[in-house]
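Single-structure report; data block below.
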Amino acid sequence: MSQSLYTSSDLPKQQKYIALLPQLKSLLEGETDYIANLANVSAALKEVFGFFWVGFYIVKDDELVLGPFQGPIACTRIKYGKGVCGTAWKNKQTVIVPDVEQFPGHIACNAASRSEIVVPFFKKDEVIAVLDIDSEHLSHFDETDALYLQQIIGLLSPDLI
Ligand code: SME
């Protein structure tokens, strides 16, 4: 695997995800260190889509703790059920927020964030981490993002965390 990703910035987002998936697969499959893999997934999504903030929060006891990410500094700990991330953890579901100001309890790590998607990462039936992506644009995320981000999460081995 070369150290840069091959995608065209002109492609619609579905095509970008389709181009990115096999590249990420080959990048991740030879590596057993989960910090390295979460870091590269964050970097790849930032590089290809230019998202404002991309990163992981990892379940530790009763909190989510900030993991590898790309973007501005962020909140380090989020309680179970709190914010968008804690809600995705509690409900065990992907959460798409078109306007963060309309989401009760949204945690504003950065005032520039306007919309958000959070995708849980499961080990068996338990959430062990979440992928959180923020955009500075309203309504940036939809079911296409949810579908492909879930597939990207599926490339990661839950046994490594
Ligand atoms: N907005 C998130 C907090 C994490 S930051 O967006 C990086 C939330 O409400 O859970």
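Take the stretch 3-160 with all the other protein chains still there, run a 1.4 Å probe, and you get 51 Å² of accessible area per residue. Take every Cα pair under 8 Å whose residues are at least 6 apart in sequence, average their separation, divide by the length of the chain, and the relative contact order is 21 percent.
Just the number, please: carbon plus sulfur as a percent of the accessible area of the chain, 1.4 Å probe, no ligands or DNA/RNA counted. Display every interim value, and only then the final one.
On the way: 4110 of 8250 Å².
Carbon-and-sulfur percentage of accessible area, whole number: 50.
The trypsin sites (Lys or Arg not before Pro) found in the stretch 103-135 that occupy coil by DSSP, while having at most 15 further C-beta atoms within 10 Å, are Lys124. Phi angles across the stretch 20-28 convert, under the Karplus curve 6.51 cos²θ - 1.76 cosθ + 1.60 with θ = phi - 60°, into 3J(HN,Hα) values of 6, 3, x, 5, 5, 4, 6, 5, 8 Hz, Gly and Pro given as x. Annotation: amide H of Phe122 within the under-5 Å range of Ile128, sequence separation 5 or more or interchain, hydrogens built in the peptide plane.
For the chain, how big is the tail of P(r) above 25 Å, as a whole percent of Cα pairs?
Value for the chain: 24 percent of Cα pairs lie more than 25 Å apart.
Given only helices, namely DSSP H runs of n ≥ 4 each adding -39500 (n - 2.57), what is the per-residue ellipticity at 222 nm of the chain, to the nearest 500 deg cm²/dmol? Each step should come with its number before you reach the end.
Details: 4 runs with 53 residues, N = 161.
That calculation yields -10500 deg cm²/dmol at 222 nm.
State, to one decimal in nm, how far the label point of Gln15 lies from the label point of Lys92, with both points 7 Å from Cα in the Cβ direction. According to this spin-label approximation, the distance is 3.8 nm. Which shape class, rounded, prolate or oblate, goes with the stretch 1-73 when its Cα gyration tensor gives a ≥ b ≥ c as root eigenvalues, a/c under 1.5 marks rounded, and past that a/b bigger than b/c marks prolate? Oblate shape, in that a/c is at least 1.5 and b/c is the bigger or equal ratio.
The values are calculated or read from the model by the stated rules, or taken from the named source; none is laboratory data. As the structure is a prediction and not an experimental result, all values here were calculated from the model. When we count neighbours, we look across all protein chains shown, and the Cβ atoms used for this are built from the backbone with ideal geometry, even at glycine. Accessible surface is based on the protein model in full, side chains and every heavy atom, while ligands, DNA and RNA are left aside. Shrake-Rupley method; radii C 1.70, N 1.55, O 1.52, S 1.80 Å.
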